[in-house]
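Input: a single structure, listed below in structure tokens.
The values are calculated or read from the model by the stated rules, or taken from the named source; none is laboratory data. Please read all numbers here as calculations on a predicted model, not as lab measurements. Here the Cβ positions follow ideal geometry from the backbone for every residue, glycine too, while neighbour counts run over all protein chains shown. Accessible surface areas use protein heavy atoms only, side chains included; no ligands, DNA or RNA. Shrake-Rupley method; radii C 1.70, N 1.55, O 1.52, S 1.80 Å.
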Amino acid sequence: KDVAVAPFHATPGMPGAFPREGATNVLDNARVRMWDYTWQAGTPVARHVHETDTIEVFVDGGSIATKTADGKEEQHTVAFKTARFVPRGRVDEEREVSGSPRAIVIELKQP
């Protein structure tokens, strides 16, 4: 990401998307931070803010339900080699619906 963007200011007290329980940091350099994360049945991810633009590349499939800050609920079915983009500033909570979706989550740092 080679473009300058305005600084992001999270709401005080709102946790960031990562680190989170069960996530392993696999790379951290000047450009990206990468996490290996598997959504677990019965372990919802509490409301959080994505502080950076993020790409999730799935290595195991399943379904994930998300609820955004405005109350909108979405369900995503993912499979091996699918990816999704999560824009910075998105506030949501997540839970596994089926399977054990696993992704390499790539947080893009600002230049």
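Pick from the range 1-20 the residues that are out of contact with any strand residue (DSSP E or B) (no Cβ under 7 Å at 6 or more places or on another chain) and of a type in the set (Gly, Ala, Ser): which of them is modelled with the highest pLDDT? My answer is Gly13. Residues in the range 54-79 that are at pLDDT below 95 and crowded, with 16+ Cβ neighbours inside 10 Å: His76 alone.
Count of the range 40-53 residues, restricted to those that are part of a loop (DSSP other than H, G, I, E, B) and either at pLDDT 95 or above or not hydrophobic (A, V, I, L, M, F, W, C) (or both), is 8. The residue pairs whose first member lies in the range 88-105 and is part of a strand (DSSP E or B), whose second member is buried (at least 16 other Cβ atoms within 10 Å of the Cβ) and charged (D, E, K, R), and whose beta carbons are closer than 6 Å, counting only pairs six or more residues apart or on different chains, are Glu93/Lys67; Ala103/Glu56; Val105/Glu56. Quick check on the range 21-34: of everything there that is at pLDDT 95 or above and farther than 12 Å from Lys109 by Cα, which residue is least open to solvent (accessible area, probe 1.4 Å)? That would be Ala23. List pairs: first in the range 52-80 and on the phi > 0 side of the Ramachandran plot, second part of a strand (DSSP E or B), Cβ under 7 Å, 6+ apart or cross-chain? Matching pairs, first to second residue: Gly62/Val78; Gly62/Glu96; Gly62/Ser98; Gly62/Gly99; Gly62/Ser100; Gly62/Pro101. Just one of (1) under 11 Å from the mean Cα position of the chain (by Cα); (2) at pLDDT 95 or above fails for Arg90. It is (2).
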